[in-house]
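These notes concern the structure reproduced below.
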Amino acid sequence: MTHPLTARALEAADKIRKESDGRFELKVFPNNQLGGDTDMLSQVRSGALEFFSVSGVAGLSTVIPAGSMYGIGFRLA
């Protein structure tokens, strides 16, 4: 619950709930409660989840080849 991503997601969920007057509720499931990245990607594809935070590639490149291009260095022109 203290991981920065979880802490910020919980803050965002609270702010979204307040600003939408409770019409939208974002539920946060930390510590792989819904499975690992590959499991959650499968759940998103089947419609069981609406979205998830991808850490690294998470098998995304098997679905979207460009998804394997993370952490590539770049320079500003």
>> Would any residue of segment 32-46 have its amide N under 15 Å from a label point 7 Å out along Cα→Cβ of Val63? List them or say none.
In response: 35-46
> Taking R0 as 25 Å, what's the FRET efficiency between Arg8 and Val44 from their Cβ-Cβ distance, rounded to 0.05?
Replying inline: 0.80
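Bear in mind these aren't lab numbers, they're just calculated from the coordinates by the rules spelled out. Here the structure is a predicted model, which means the values were calculated and not measured. Cβ atoms come from the backbone with ideal geometry, glycine included; neighbour counts cover every protein chain shown.
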